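What follows is calculated from the coordinates using simple rules that are stated; it is not laboratory data. Every value quoted in this text rests on a predicted model; they were computed, and no experiment measured them. As a convention, Cβ positions derive from the backbone with ideal geometry for all residues, glycine included, and neighbour counts pool all protein chains shown.
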Amino acid sequence: MKRHRGVALIIALLLVALGTLVIAALMEQNQLAVARTRNLLREQQAYAYARGMEAYAFEVLRRDQADGAGTDSNTDLWASPMPPIDVPGGRLAGRMRDLNGCLNLNGLALANNAVERGRIERLLRLLKLNPELVEAIIDWVDADNTPEARGAEDLSYLLLDPPYRAANRPFRHVSELRLVRGFDEDAFRSIEPHVCAAPSNTLLNVNTASELVLRSLVEGMSEATARRLYNSGRARYRSADEVKVLLEQEGLIPMTPLEANKISVASSLFLAESMIELNDIPLNYFSVIERRSGSLRVIARSRGVF
C-alpha cells in the first residue's frame, strides 16, 4: 500500500513538473510574440518618422533654392542640422550632407577620365597612400577585364579566399572600396570621408569640398592656399570662374577648360539622415535626394550606416 502511495506521489510530481514546463513554454512564447509585435510596431513607427523627415528635407531644399542665388554652401539652410525634438516614444533629429562636395569614384568609369584620375591620385598622395591605387579603382569600375599596369581584374580577386570578381560597373556605394585590391581598413577609413559614389557626370562643388579635396583640384596647391579657399567651411563662391581666377592669383598652373568644366558652385545630390531613437533604441535612415531643374526626387534609401 505504501508502495502504491509512493508511485502515485511520483506521478503527481511529474505531472506538476510537466505542467510547469508547459506553462513556462507558453509564457516564453507569448513574451516572444509580444516582443516581436513591439519591434514591428517600433519599426513601422520609425519608418513613418523617417518618411516625415524626408518630406522635411524636401521642403528645406525647396526653400533654399527659392532663397539662394544658384549656389550651395555649408552656410545654407539645408546645411543646418535639425535639433532633436521629442516625439511619442522617443526623439528624432536630422541633418543633410552635400554629395557633390567629394571626389566621385564613378568619374573614373568615363572613357576620358584624366581629370578625375589626377585628382584622386593627388588625394591619395595627400593621405600618404600609394597613388597607384587609382588603377585598381579604374579596373573595378571599367567595363573590360583588361587590367591597368598596376591594377587588378578578375584574376587577382579569384585567387583570394573567398574568391570574387571585379565589379566592372560603377560603385553602388563607397563601402565597395573595401573590396578593391590595396584598400585595407586603414586605407579605406582615410579616404572614405573625401570620396563618394554618384552618377559619373556629377560635378564637384568647391563651396562644400573639404580642404584635402580642394588641394586635389590642381597640382602643387599648398595647405595654406587650400585653407584660404576653404575659408573655415564658409566658402561661398559665385561661379567656377571665380575659383579659377583665385587659383591663378595663387601662382598655380591654370585649370584647363576641361578641369574648370568639372567643378561647380551648386549641388544636385544631397544625403538626408534621419536619427531616430525609440524606447532607447537608435534607428538611422538615409535618403539620397536628387535636385535637378527645380524638381526633387529620392533615388536611394537605406537603413543603418550609409
Inset, instruction - Principal axes first, then extents: for the Cα atoms of segment 177-256, list largest minus smallest coordinate on each axis, whole Å, largest first. - result: 41, 26, 26
Inset, instruction - Provide the gained length on full extension for the span Ser175 to Lys128, in nm with one decimal, where the gain is 0.36 nm per separating residue minus the Cα-Cα distance. - result: 14.9 nm
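For segment 66-130, divide the Cα radius of gyration by the Kirkwood radius and give the resulting Rg/Rh value with two decimals.
On the way: Rg = 18.4 Å, Rh = 15.5 Å.
Rg/Rh: 1.18.
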Inset, instruction - Treating the Cα atoms of segment 19-176 as identical point scatterers in vacuum, please give the log10 of the normalised Debye intensity I(q)/I(0) at q = 0.17, 0.19 Å⁻¹, two decimals. - result: -1.02, -1.10
Inset, instruction - Using only Cα positions of segment 240-281, each an equal point scatterer, no hydration layer, compute I(q)/I(0) via Debye at q = 0.27, 0.28, 0.29 Å⁻¹ and quote the log10 values to two decimals. - result: -0.94, -0.97, -1.00
Legend entry - Student exercise, the chain dipole from Lys, Arg, Asp, Glu Cβ charges, in Debye to nearest 20: 1480
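Could you calculate the FRET efficiency of Leu155 with Ala111 from 1/(1 + (r/R0)^6), where r is the beta carbon distance between them and R0 is 25 Å, rounded to 0.05?
That pair, Leu155 with Ala111, gives E of 0.60.
Of the beta bridges DSSP finds with both residues in the chain, what % are antiparallel, to the nearest 5? Spell out each step's value before the answer.
Working: 31 of 35 bridges.
Around 90 percent of the beta bridges assigned by DSSP in the chain are antiparallel ones.
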Legend entry - Principal semi-axes in Å for segment 170-306 [√(5λ), Cα gyration tensor, largest first]: 30, 19, 15
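Considering only DSSP states other than H, G, I, E and B, which chymotrypsin sites (Phe, Trp or Tyr not before Pro) in segment 165-255 qualify as loop sites with at most 13 other Cβ atoms within 10 Å? Don't jump to the answer; show the numbers that get you there.
Numbers: sites: Phe171, Phe183, Phe188, Tyr230, Tyr237; in loops: Phe171, Phe183, Tyr237.
In loop regions of segment 165-255 (DSSP not H, G, I, E or B), there are no sparsely surrounded chymotrypsin sites (Phe, Trp or Tyr not before Pro).
When a/c is below 1.5 the answer is rounded, else prolate if a/b is larger than b/c, else oblate, so apply that to segment 133-208 with a ≥ b ≥ c taken from the square roots of the Cα gyration tensor eigenvalues. Numbers along the way, then the final one.
On the way: a/c = 2.18, a/b = 1.53, b/c = 1.42.
Prolate, because a/c is 1.5 or more and a/b exceeds b/c.
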Legend entry - Cα lying deepest toward the dipole's positive end in segment 33-161, options Gln65, Gly107, Tyr157, charges on Cβ: Gln65
Legend entry - Sum of -39500 (n - 2.57) over DSSP H runs of 4+, divided by residues of the chain (222 nm, nearest 500): -13500 deg cm²/dmol
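Subtracting the Cα-Cα distance from 0.36 nm times the residue separation, let me have the gained length for Leu296 to Gln44 in nm, one decimal.
Working: separation 252, 0.36 × 252 = 90.72 nm, distance 2.46 nm.
My answer for the length gained is 88.3 nm.
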Inset, instruction - At q = 0.12, 0.13, 0.16 Å⁻¹, work out log10 I(q)/I(0) for segment 216-290 with the Debye formula, treating every Cα as an identical point scatterer and leaving solvent out; two decimals please. - result: -0.51, -0.57, -0.71
Inset, instruction - Calculate, in whole percent, how much of the Cα-Cα pair population of segment 254-306 lies beyond 13 Å. - result: 68
Legend entry - Along each principal axis, Cα extent of the chain, largest first, Å: 112, 53, 33
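Using only the Cα atoms, what convex hull volume per residue in Å³ does segment 33-103 have? Walk me through the intermediate numbers first.
Numbers: hull volume 7.4 nm³, N = 71.
It comes to 104 Å³ per residue, whole-number rounded.
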Legend entry - Charge dipole of the chain about the Cα centre (unit charges at C-beta), most positive-ward option of Thr37, Ala224, Met255: Thr37
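Given a Förster distance of 35 Å, report the FRET efficiency between Ile253 and Ala69 from their Cβ-Cβ distance, rounded to the nearest 0.05. Write out the running numbers ahead of the final one.
Values: r = 30 Å, r/R0 = 0.85.
It comes to 0.70.
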